[in-house]
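What follows is a short report on a single structure.
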Amino acid sequence: MTNLLALVFGAVIVLLFSFERFNRTTDEAGQKLQRLVDLLSPDKLRSRRVVLNAYGFYAATFLLIYVFLCAYAELIPALGGPDLAVGASKLPVPAGGEVAGPTTGFTPVSSAQGSGGADGQQAQSSASASAQNAGGYDIGIDAKISMAVALMIIGLAPAFPVLQRFETWMRASAHRLAGIPTRVLSIRDDLRAEILTLPNDAPDGQAPKDSLLVSRTDWRRIYHYSVKTKGLLDAPEDFHNDIALIFAISAWILKGKLKLNNPHERERFHELEEALTRRRNELVHALDEKTDFFASRKDHLTMADQEEASADDVNLNEGRSTSWERLSVEVDELADDFCILLALYAEHEIIVIEQTDGHRGPTESPVTLQRELARKKLEGFLKDHLGDQTGPARSRSFGMIIGLWTFGIVMSIALLWSLFPGRYESHLQRGAEVGMFWRVLTYTFTNFLAFCIPITVALAIRDGGRQLHRWRNMRLALGNWTVLLPQAIFVLAMSWALGTVCILAAALWESGAGRGWNANAYDVWATLRFSLAYNGPIPLRGALLALIIILLLDAWRVPRTMKAWRPTHMTSFGWAMCTAVFMGFVGGLTRYMSSWAGAVQAAVPRESLDEIDRGLIAYAAIFSAIIGFCVIFAVSEVLLYQRRIPGSVNSKALKV
């Protein structure tokens, strides 16, 4: 029991300290955000929901690595790490060279003799009885191993190069899946391709009728800089547009003339706003000196204008280079960084579409009118990157919501199945009664590996593809198999492969922990070969169910104008029934393949399946059908509810 507690405590350490490593900036982000890299940690570059999704993927990966290194401690020196002389130091295979028992998708671990092997049942029963008599189940991992591996993973103990390189690669992969920093940079590029058009209906050097909350001094600066730079710059229009954007965003956001949402979230970017304000003031000071702004406009500046200009010139650096080339580059870079600020505020919903009734009172003040005009100008500039304040959040992938629903349903059904039908299924396979605790543990764990892991991988691939703009909607691609087939095969193969690896590792570990640790190359290969043949088909159920979930998500993302349908609860029921029939067939087929693998490679090979095998095939088909129905019905109902949220736009698709 002490070793088990140490293993769990080490996992908690990995979870608590892994976020600090996840939140380190990658080389890619450092290169693309070199001016702001010290002010923007990865968790600030996406919304909290997306960051938590990416961190969950990162942490789950390192939890699997932690358990693997604890179980196979002998591999650490081979990977360049320290020699841990305690704990599980042998690869797990059954003593005496027997083949390891498989971990099935829906039944406790059985022997290599297949269903109904008496010798395997007797050995398993004896091992369980010995563990219970000893007062608990020994996992075979020394507490020192657990602590040492946990400290190596989080970096508090010397790690080895392979682990360090893998951590760097995994962190970069998690960031890319979350769109860090690609999402913000993509919005910035879209904004840089647009022009923030300001009014141009005033006499030379004067503020226009609609000042949009920009001060009179800044309007004069915009005109003055435009006149003075004619013939001096290669792209004077771009320079003028950048200057207009800088002054407008400075007035609206940095000087707080527009009311923004989510003040608690905005506080996280206080240092960024201060840095941009300082750079803006330094740039304006340099441009004023270069163009002799105050000397040429002295007669036109009021006392209030001079006081405002003096306030902007506080704490400016001296001795700056004021060549036009340098100033042009600084204006371009500052405009880029202002667009990054807008992208961040759109991502974190600090700037959202403000709903108004369009009615203006007769006594509305000019400042209020200009504030409304400025707000509409800002919203028009950001366009599709903003969310509706009263409607659903924009561009949600719903990956985490779908994942949580799937996890909860699979675990609940596995728990209930282990308590009722699983009791008879276990007795059918083993020929003896199996304790309730072990049934619950085995059913929930193996179904987590068989369903939750493949579905999580598939949703991560879809979200990552959407972030990188490489995902093709599978519903729209049904008529083009050259697009649909490669994408579907990739998702199916990756989700099945990772699920298979996890199940094989669990089967090997259970064999070694339950029957002894004794390794040689032949036995390890024989164990892997049989375990793959027996357990390999099981994660295919989760991978195929994941494909159906993705197809459902993509179907709900199709614009409503492209098809005349009004989804209802019967739509969810129809999806669920079709999936239940399909998953029942898949569950029976995969159990049939596993039963044949067990029959052929049993100690006494059998030429055909018996009644026990056929009974287990029926149990697998029923269980898979129930899982498929409940998961798809719940997912469809979640999407149906999101589609009906007040404030959603009927002409657009739900962005799932």
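For CYS578, the accessible surface of its heavy atoms amounts to roughly 100 Å² (probe 1.4 Å, protein chains only, rounded to the nearest 10). Near ARG268: Cβ cut-off under 14 Å, other residues only, Lys/Arg at +1 and Asp/Glu at -1. The net charge is -4. Separation of the alpha carbons by more than 25 angstrom is noted, of LYS230/LYS383; LYS32/LYS377; LYS228/LYS259; LYS257/LYS290; LYS209/LYS257; LYS255/LYS383, for LYS230/LYS383; LYS32/LYS377; LYS228/LYS259; LYS257/LYS290. When both the range 173-241 and the range 450-483 are represented by their alpha-carbon centers, they are found 38 Å apart. Estimated at the nearest 10 Å², the accessible area of ASP190 is 70 Å² with a 1.4 Å probe.
The values are calculated or read from the model by the stated rules, or taken from the named source; none is laboratory data. What you see is a predicted model; the values in this text were computed from it and never measured. When we count neighbours, we look across all protein chains shown, and the Cβ atoms used for this are built from the backbone with ideal geometry, even at glycine. For the accessible areas, the whole protein counts, side chains as well, though only heavy atoms, and no ligand, DNA or RNA atoms are used. Shrake-Rupley method; radii C 1.70, N 1.55, O 1.52, S 1.80 Å.
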